[in-house]
Structure formats: structure tokens, C-alpha cells
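Here's the structure, in C-alpha cells; my notes come after.
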Amino acid sequence: MKLYQVDAFTSSLFRGNPAAVVPLERWLDDALLQNIAQENNLSETAFLVPDDTGYALRWFTPRVEVDLCGHATLAAAWVVFNALGFAGERVRFNSASGPLYVTRSGQRLTLDFPARPATPITETSTLEHALGVPIRAAAQARDLLIEVDSAACVREYQPDFSAIAALDTFAVMLTAPGEDCDFVSRFFAPAKGVPEDPVTGSAHCTLVPWWADKLGKKRLHARQLSARGGELFCEMSGDRVSLSGEARCYLKGDILL
């Protein structure tokens, strides 16, 4: 089997979020897919199989299968457009989160994802104690959204991974207004095998509705302030979110089983 490692949501190598992409002719046993993802030891490995309308797509962390992943979808689209001979400008991926479309325009790839608005949480004292950070606002979707006062607070935050893993949520997003962009964030999912994710497309399905409402604008420029860093160009459109960025392929190889 071929394997590609692609840095997503970046225009240069060694930044953004690396994802492994493994094109398959047919689905393998789930345990084998999970073992491959564990061996790759990246936040996400994407597996794709051709179907009647495009490709079926699944994503695995080193520990679990997930229902939605942005950066690995962007990476999978890069592979489809650049390595698998796909001639069109728009590819459909059928996933656990429904049909997902990726469109290319030059070097930029745009994801069409479902919005996941969060429900506000009024009592935050327990969360403040667990996370060790003053909370401006909190809300829950698949992930726990924590808004803090400044980009500096997000950038300098020192996570307690044990405390985060003990919370009853898939992951925690820390977010604040941006300094040279509309908003910034970081993403932590230690209980799912991803202590900190460098750039998280699925998180922006919740972050974009949150900040679009707060800022009163549909088009948003976002940065994820991980050590690698990443940049996303986002747009709110009804119950969908568009997430755009570039990708660079770092590695091509073979899996030997």
C-alpha cells in the first residue's frame, strides 16, 4: 500500500498539521487500520477507498476512529488531486459526518464541512479549576470550547493533560480574539491519543459559528497557535462551514505487511 504524509493548512513544509493518507482498493479489517494509525503515530491517518460518487473516507488517531477530521481531509484531497490522477476541481468524500466536498483553486483547497455550533455553559468554576485558566465564556459541542481574554493567554497556556483527559468531553479548545487575525485557538485531546493537535479543521466547525456570531461577520481569518502553527481562511454559510488552506507533501512511501 502507498502512504503519503502531507502537512495541511500550511504553505511550507514542517508547519501546519501532518497527516498520513493511505489510499486503498477496498476496506481492510478495522483492527489493521487502527494498527497502521498507531504505527504512523500522527494525530490522524486518513484511509480512502473509491466509490460510485468519489471516495469513502475514514480517519483514525493512534487510539480511536473519529467522526470528523479537517486536516486529514485536506491531506486526502491533496493526494487525490496530485497523486491519484483525479481530473476534476471538486472531489466528494463520503464519511461518518455525511458527504464532504473539497474544491481546489490553484494551491488552495477548500473544505465544505457541517457547522457544529456549541451550547453555552453558564457554570464555569469547576472548569476554571480543572484547566487552570480564567474563563471568559464556555460552550459544549463535540468538543469543549473555552474562550479566554487574549491571544497571549492561548499562546502561553501550559496544559495539564491529565486534568484535560479527565473531563467529560472529546477535546478542549482554547480560543480568544486574534492580534493579526480574527481569532486564535489551540486544541487538546489527550484522552483520544492527541495531546495537542497542531491544526484542527473539525474544531473550526464549532469555532467559526462562535466567532461569526460574536464578531458579526461571515468571513474569518484564523490561526492555530501550536508550536507548528497553522492558518485557516473560514466562511460561515448557513449550516455549513468553509475552511480553506494549502498543503505540502513531505513523504511518499510503501507500507509492507
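Tabulated data for the structure shown
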| item | result |
| --- | --- |
| Conditions (1) surrounded by fewer than 16 Cβ atoms within 10 Å (Cβ to Cβ); (2) of a type outside the set (A, V, I, L, M); (3) within 23 Å of residue 212 (Cα to Cα); (4) outside the structural domain of residue 215 (by TED's automatic domain parsing); number of the one not met by residue 101 | (1) |
| Any chance residue 235 is free of Cβ contacts under 8 Å to residues at least 60 places away in the same chain and buried (at least 16 other Cβ atoms within 10 Å of the Cβ) | yes |
| Flag if residue 95 is modelled with pLDDT of 95 or more, hydroxyl-bearing (Ser, Thr, Tyr) and touching a strand residue (DSSP E or B) at 6+ places or on another chain (Cβ under 8 Å) | yes |
| Whichever residue in the stretch 137-173 is in a helix (DSSP H, G or I) and of a type in the set (Gly, Ala, Ser) and, among such residues, is surrounded by the fewest Cβ atoms within 10 Å (Cβ to Cβ) | 162 |
| Flag if residue 225 is in contact with a strand residue (DSSP E or B) (Cβ under 7 Å, 6 or more places away or on another chain) and at pLDDT 95 or above | yes |
| Number of the exception - residue 80 against (1) at pLDDT 95 or above; (2) under 20 Å from residue 187 (Cβ atoms); (3) buried (at least 20 other Cβ atoms within 10 Å of the Cβ) | (2) |
| Count - residues of the stretch 137-163 that are of a type in the set (A, V, I, L, M), under 17 Å from residue 125 (Cα atoms) and under 18 Å from the mean Cα position of the chain (by Cα) | 3 |
| Every pair of residues 6+ apart whose Cβ atoms lie under 9 Å, when the first sits in the stretch 171-195 and is within 20 Å of residue 41 (Cα to Cα) and polar (S, T, N, Q) while the second is buried (at least 23 other Cβ atoms within 10 Å of the Cβ) and modelled with pLDDT of 95 or more | none |
| Residues (within 23 Å of residue 230 (Cα to Cα) and more than 18 Å from the chain's Cα centre (by Cα)) located in the stretch 105-123 | 105, 106, 107 |
| Index of the failed condition, residue 87 passing every other in (1) under 22 Å from residue 241 (Cα atoms); (2) over 14 Å from the mean Cα position of the chain (by Cα) | (1) |
| One residue from 220, 256 being at pLDDT 95 or above and outside any loop (DSSP other than H, G, I, E, B) | 220 |
| Counted residues, the stretch 104-114 - those being among the polar types (S, T, N, Q), in contact (Cβ under 8 Å) with a residue 24 or more places away in the chain and either surrounded by fewer than 17 Cβ atoms within 10 Å (Cβ to Cβ) or more than 10 Å from residue 77 (Cβ to Cβ) (or both) | 1 |
| Restricting the stretch 11-21 to residues that are touching a residue at least 60 places away in the same chain (Cβ under 8 Å) and crowded, with 23+ Cβ neighbours inside 10 Å, the residue that is farthest from residue 254 (Cα to Cα) | 16 |
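The values are calculated or read from the model by the stated rules, or taken from the named source; none is laboratory data. Note that the structure is a prediction, hence the values are computed from the model and not measured. Note: ideal-geometry Cβ built from the backbone for every residue, glycine included; neighbour counts use all protein chains shown.
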